[in-house]
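Here is the structure we will look at.
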Amino acid sequence: MRENNDRSWKIRFAIIMFALAIIIFLARYLIFGDGEEIIAYLWKHIGFIPIDILIVGFLLEGIMGKKEHEAILEKIDMLMGTFFSELGYDLISEFSKVNKNKINTESLKDIRNWDEKDYDNKMKELKENGIDFKADIPPEEREEFLNNIHSILVEKREFLINLINNPNLLEKDEFSSLLLAIMHLDEELTRRGEFSDIKDADFNHLNGDIKRVYSKLVYEWVYYLKYLKKYYPYMISLAIRTNPFDTDADVHVNE
C-alpha cells in the first residue's frame, strides 16, 4: 500500500513538473515570439541528456557502492564483538597461559594507555611477524590442555559455521582467515579423538596450528579494540578490564 502511494506521488510530481515546463516555454513564446530559439534550446539540452545520465549514473554507483561497502565492514566489525564474547576471549586466555614466548604480547598489558598510532604499530608488527608461540606444557598435562581447547571449539562449532557462512565476511580477508584457521584446528583435534598418549612430534604439529590461530586471533583483538576506541569508547572500558594479557585485570570497576 505504501509503495503504491509513493509511486502515485512520484507520477503526480512528474506530471506537475512537465506541465510547469510547458507553461514556462509557452509563456516565453507568447511574450517574445521566439519559437525557433526555444526549439533549438530544447534540442541542445535533449542532446546532453544521455551524457548527464551517464555521468550521474556512474557517480551515484560509485557513491552507493562505497556506502554499501562501508556498511558491510561496519557489520563485520560489530560481529567481531560477538565473536570475542562467544569464543575469542576464551581461546586467547587458554593460549596465553601456556605460551612460553610472551615477548610479543608483553606490551598488550598496557593497552589502556594506547592511542591510534600505538594500535597501528602493533597491528603492523603482528601482521609482519606474527607471534612466537610455544606451548610450555609438561607431557602429563598435554591431554588436559588439548581437551579444554577441543571442548571450547566443539561447544562453539555451530556458531563458527554460522559466521563462516556469512557472505559479508568476503569483504574482510583477515577475519575470514582467522575463522578458517580455527576450524582447521578444531578438525585436527576432532580427528585424533584421544589425547592421552600424544607424541612429541604430533604435539609439535598441533602447536603450529595453535600458533597460526593465536597470531591471527591477537591481531584481530587489537584491531577490534582500535575500532571500539574510535567509534564506541564507552565499550572499550570492559575490553580493557577483561584484558587476557593483564593478570591484574578485574572486570569490576574499582575507581
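The values are calculated or read from the model by the stated rules, or taken from the named source; none is laboratory data. From a predicted model like this one, the values you see are computed outputs, not experimental measurements. Note that each Cβ is placed from the backbone with ideal geometry, even for glycine, and that neighbours are counted across all protein chains shown. Just the protein is used for accessible areas: all its heavy atoms, side chains included, with ligands, DNA and RNA removed. Shrake-Rupley method; radii C 1.70, N 1.55, O 1.52, S 1.80 Å.
Within the chain, the selection of entire DSSP H helices by a Cα span of 30 Å or greater along the long axis and an average Kyte-Doolittle value of at least 0.0 returns 2-32, 35-83.
Extending 7 Å from the Cα toward the beta-carbon at both Asp120 and Thr82 defines two label points whose distance is 3.1 nm.
Working with all protein chains in place, sort Ser96, Ser196, Ser8 by solvent-accessible area computed with a 1.4 Å probe, largest first.
If we order Ser96, Ser196, Ser8 from most to least accessible, we get Ser196, Ser8, Ser96.
Taking amide H atoms as placed 1.01 Å from N in the peptide plane, the amide H of Asn99 lies under 5 Å from those of Asp136, each 5 or more residues away in sequence or on another chain. Cα-based count: Lys pairs in the range 72-190 below 17 Å, eight or more positions apart or different chains? Number of lysine pairs found: 13. Under 1.5 on a/c is rounded, so check that first for the range 78-212, then, if it is not, pick prolate when a/b is larger than b/c and oblate when it is not; a ≥ b ≥ c are the square roots of the alpha carbon gyration tensor eigenvalues. It comes out oblate by the Cα gyration axes.
If you sort the three axes of the alpha carbon gyration tensor as a ≥ b ≥ c, you get a/c of 1.5 or more for the chain and a/b above b/c, which makes it prolate.
Dipole size of the range 179-232 about its Cα centre, with +1 on Lys/Arg Cβ and -1 on Asp/Glu Cβ: approximately 580 debye, rounded to the nearest 20.
Multiplying the residue separation of Phe32 and Asp250 by 0.36 nm and subtracting their alpha-carbon distance yields 70.1 nm.
Can you classify the range 156-211 as rounded, prolate or oblate using the Cα gyration tensor, where a ≥ b ≥ c are the square roots of its eigenvalues, rounded means a/c under 1.5, and otherwise it's prolate if a/b beats b/c and oblate if not? Because a/c hits 1.5 or more and a/b fails to exceed b/c, the range 156-211 counts as oblate. Restricting the trypsin sites (Lys or Arg not before Pro) of the range 143-230 to loop positions (DSSP other than H, G, I, E, B) with no more than 16 neighbouring Cβ atoms within 10 Å leaves Lys199.
Placing a pseudo-label 7 Å from each Cα along the Cα-to-Cβ vector at Ile49 and Asn168 gives an inter-label distance of 4.0 nm. You can think of it this way: the chain between Ile39 and Lys10 has 7.7 nm of extra reach, that is 0.36 nm per residue less the Cα-Cα gap. Assuming charge only on the beta carbon of Lys and Arg (+1) and of Asp and Glu (-1), the dipole of the chain about its Cα centre is about 1060 debye to the nearest 20.
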